[in-house]
């Protein structure tokens, strides 16, 4: 394998993309369902925060969403239907009745008000990704949606806010390993945990308050729109062995996933659908973000897009010829 399937739900994605399994569950704390979906040509969706209850608590309990990866929208909707529901052991679990996600796939998407933002105001997509996702956004106009170009959604990149929250939780969970078996951790991850665990308490509290402002910003944005479209990632799958794709900041392994982590901070439902393929045959994902608790709008739009531009028939070529001795 020369290209990464993306992480962190990479095993499930690779298995589904290869046709070994029909669908699977991923855990998305900053993009870990949507990233591998984009890189492997799958549909992946994280429901609204708490839609799929989690117990025991994850290492990132204020950010992590559980959701399906599948070859088709309807397969993912079926798995999301089964996995969703209230569980009192999860204090963030959504207590309302679970919508009919399968039926939502047959609901007409015509008339949905959609914002298309290629950068969110700060991201840097490659020319290939920008071209493919722009063409995909236009498909929604053909479906009958009202699509508006919006350059800026956020005034600034919320990466620092995300990093503080994400790695504080992971660092606390892995503190015994950091102190006693540091060599078991990837050096890049260990360095990030060092920074997170050294955070000043008042600085950490400030980032928490900033998160409420971010949520208010996106809530006001969705007063005018039903859905927001963005590229899922700025690049197609890159070479294995790299923490960051070539040409992007190597400050840490999260600096290039501009589009996914903001919607873990807000808790909104979000999905990645296959938007098209590069000249090299690499999949490119389009992200669809929905309003508060409105996964049904995402599924309706995604299913309509899939009907217009089916992707499930396209499967990656499998490398053969390996022997047990060569693996």
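The values are calculated or read from the model by the stated rules, or taken from the named source; none is laboratory data. This is a predicted model, so every value here is computed, not measured. No Cβ is skipped: glycine too gets one built from the backbone with ideal geometry, and neighbour counts run over all protein chains shown.
Observations, loosely collected:
- Strands (runs of 3 or more DSSP E) (entirely within the range 17-125) containing at least 3 residues that are touching a strand residue (DSSP E or B) at 6+ places or on another chain (Cβ under 6 Å) and within 30 Å of residue 197 (Cα to Cα): 23-28, 65-70
- Only one entry in 286, 214 is in contact with a helix residue (DSSP H, G or I) (Cβ under 7 Å, 6 or more places away or on another chain), modelled with pLDDT of 95 or more and outside any strand (DSSP E or B), namely 214.
- Near pairs, Cβ below 9 angstrom, 6+ apart or cross-chain, from the range 201-228 (without any contact (Cβ under 8 Å) to a residue 40 or more places away in the chain) to any residue that is surrounded by 10 or more Cβ atoms within 10 Å (Cβ to Cβ) and assigned to a helix (DSSP H, G or I): 203/164; 206/164
- Filter result for residue 263 (crowded, with 24+ Cβ neighbours inside 10 Å, under 19 Å from residue 49 (Cα atoms) and at pLDDT 95 or above): yes
- A single member of 111, 92, 144 is surrounded by fewer than 19 Cβ atoms within 10 Å (Cβ to Cβ), closer than 30 Å to residue 202 by Cβ, modelled with pLDDT of 95 or more and more than 19 Å from the chain's Cα centre (by Cα), and it is 92.
- Taken over the range 152-195, the criterion of being under 22 Å from the mean Cα position of the chain (by Cα) and either more than 30 Å from residue 230 (Cβ to Cβ) or in a loop (DSSP other than H, G, I, E, B) (or both) is satisfied by 152, 153, 154, 155, 156, 157, 158.
- Scanning the range 196-205 for residues that are assigned to a helix (DSSP H, G or I) and either loosely packed, with under 13 Cβ neighbours inside 10 Å or under 23 Å from the mean Cα position of the chain (by Cα) (or both) yields 196, 201, 202, 203, 205.
- Filtered by the rule that a residue be out of contact with any helix residue (DSSP H, G or I) (no Cβ under 6 Å at 6 or more places or on another chain) and closer than 11 Å to residue 230 by Cα, the range 270-283 gives no residues.
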